[in-house]
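The values are calculated or read from the model by the stated rules, or taken from the named source; none is laboratory data. In this text the structure is predicted, and so the values were computed from the model without any measurement. Heads up, the Cβs are rebuilt from the backbone with ideal geometry, glycines too, and the neighbour counts pull from every protein chain shown.
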Amino acid sequence: MNNYTFNEIHQQPAMWRKEHEAILAAKDEIRAFMHKYLTPDTDIVLTGAGTSAFIGDAICPVMRGMWRNVRSVPTTDLITHSEYLLDKERPLLLISFARSGNSPESVGAVNLANKLSKNVAHVYITCNKNGKLAQQAVGKENILLLLLPEETDDKSLAMTSSFSTMLLTCLMLGRIDTLEQDGAMIEKAVQNAECVIADYEEKLKEIGSRTFERGVFLGSGALKGIAEECHLKLQELTDGAVVCKFDSFLGFRHGPKAVVNDKSIVVYLMTDEESIMRYERDLVRQVDSNNKPVAQVIVISGRDPEMPDVHADLVVKMPYSKAEADFYGIVPYVLVGQLLGYYASLAHGLNPDAPSVSGNIHRVVEGVTIYE
């Protein structure tokens, strides 16, 4: 066992600091590109496949204050339904997230956008300087390549530092005009991640070693996108032995709540905004009262969730709230899902770096043909 996954999870705080410095160093070039291609009419599409697609799902709710026309559309949808999903008449800025930059859908979605859109520009946020996307960007005026630190090109099957650093990079891209003012907020997000590792990893290891068959991750707004990523981490790192779902707190009541039983682990990614948290608390209390016992419960919050009547195996309370850290504060929440998945993988006798015993999933997707 190479322990790539362990190292890639734990290197994230350092990678975020490193990427912040890199974006600051390139801010003038990035600003010039964004000012050239981003107009009030530009259709901004965030795209990727799998974990890379979840970046867009997490970002959209917090980006709309800066990018009015932003959407998250997976490359896996663009490939099959581009005629319906891309407006040929409007300027298009396609922001592609890709760990390797070699997946057929990543390259295929870019080629389709170039073919269908009359006015298209691209931002490639990728971890692999030798990938097809990175190589394609060379010498192209309408492509901005944001190449992440080499260490974020995760060698393990599961994306961890690649996901979080690409997410942070796009958040910084959205605030490129005021990025110099964001250093303290980004540092608080980094410190929250360090806090999760230092204060909660041992308990997450213990919980991950217990017996459970289902995992549920719930979040509101941007944290629903983080819940989406967490559910995949636990599921793929256990090779499907733990089947997982994600949802919003309010949406979970409408049928999906049926999956909760005494073999379930439920992870609540709670906001610290009272107007939203009141809905979240109601759902937590309802699940707690209707499903005794639930195997394990983990609550993550930037503040005391104020639910002394609810059973929780672990409350992960970060010292800096999401409000203090602004929207950068969503990023460290993902470490809980990553660490839980890593230790559950070990508990199932798997190698977290290559957990797919069946060979059903691969580091770079296989078997996809892109048709004309």
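Can you go through 238, 271 and tell me which one is β-branched (Val, Ile, Thr), under 29 Å from residue 187 (Cα atoms) and touching a Ser or Thr at 6+ places or on another chain (Cβ under 9 Å)?
Numbers: 238 fails: under 29 Å from residue 187 (Cα atoms).
Of the residues listed, the single one that is β-branched (Val, Ile, Thr), under 29 Å from residue 187 (Cα atoms) and touching a Ser or Thr at 6+ places or on another chain (Cβ under 9 Å) is 271.
When you scan segment 68-78, how many residues do you find that are surrounded by 19 or more Cβ atoms within 10 Å (Cβ to Cβ) and either closer than 22 Å to residue 334 by Cα or out of contact with any Cys (no Cβ under 7 Å at 6 or more places or on another chain) (or both)?
Final tally of qualifying residues: 6.
Which numbered condition in (1) over 17 Å from residue 52 (Cα atoms); (2) surrounded by 23 or more Cβ atoms within 10 Å (Cβ to Cβ) is the only one that residue 152 fails?
Residue 152 satisfies all of (1) over 17 Å from residue 52 (Cα atoms); (2) surrounded by 23 or more Cβ atoms within 10 Å (Cβ to Cβ) except (1).
Mind checking which residues of segment 39-54 are surrounded by fewer than 19 Cβ atoms within 10 Å (Cβ to Cβ) and farther than 20 Å from residue 82 by Cβ?
If the condition is that a residue be surrounded by fewer than 19 Cβ atoms within 10 Å (Cβ to Cβ) and farther than 20 Å from residue 82 by Cβ, then 39, 40 are the ones that fit.
List pairs: first in segment 185-209 and farther than 19 Å from residue 242 by Cβ, second β-branched (Val, Ile, Thr) and at pLDDT below 95, Cβ under 6 Å, 6+ apart or cross-chain?
200/316
Looking at residue 181, is it over 27 Å from residue 48 (Cβ atoms), polar (S, T, N, Q) and within 20 Å of the chain's Cα centre (by Cα)? Spell out how you get there, then give the answer.
Values: over 27 Å from residue 48 (Cβ atoms): yes; polar (S, T, N, Q): yes; within 20 Å of the chain's Cα centre (by Cα): no.
Criteria not met by residue 181.
Does segment 236-269 hold any residues that are crowded, with 20+ Cβ neighbours inside 10 Å, free of Cβ contacts under 8 Å to residues at least 40 places away in the same chain and either touching an Asp or Glu at 6+ places or on another chain (Cβ under 8 Å) or part of a helix (DSSP H, G or I) (or both), and which are they?
Scanning segment 236-269 gives 246, 249, 252.
When you look at residue 145, is it modelled with pLDDT under 95, touching a strand residue (DSSP E or B) at 6+ places or on another chain (Cβ under 7 Å) and under 25 Å from residue 60 (Cα atoms), yes or no?
Details: modelled with pLDDT under 95: no; touching a strand residue (DSSP E or B) at 6+ places or on another chain (Cβ under 7 Å): yes; under 25 Å from residue 60 (Cα atoms): yes.
It is false that residue 145 is modelled with pLDDT under 95, touching a strand residue (DSSP E or B) at 6+ places or on another chain (Cβ under 7 Å) and under 25 Å from residue 60 (Cα atoms).
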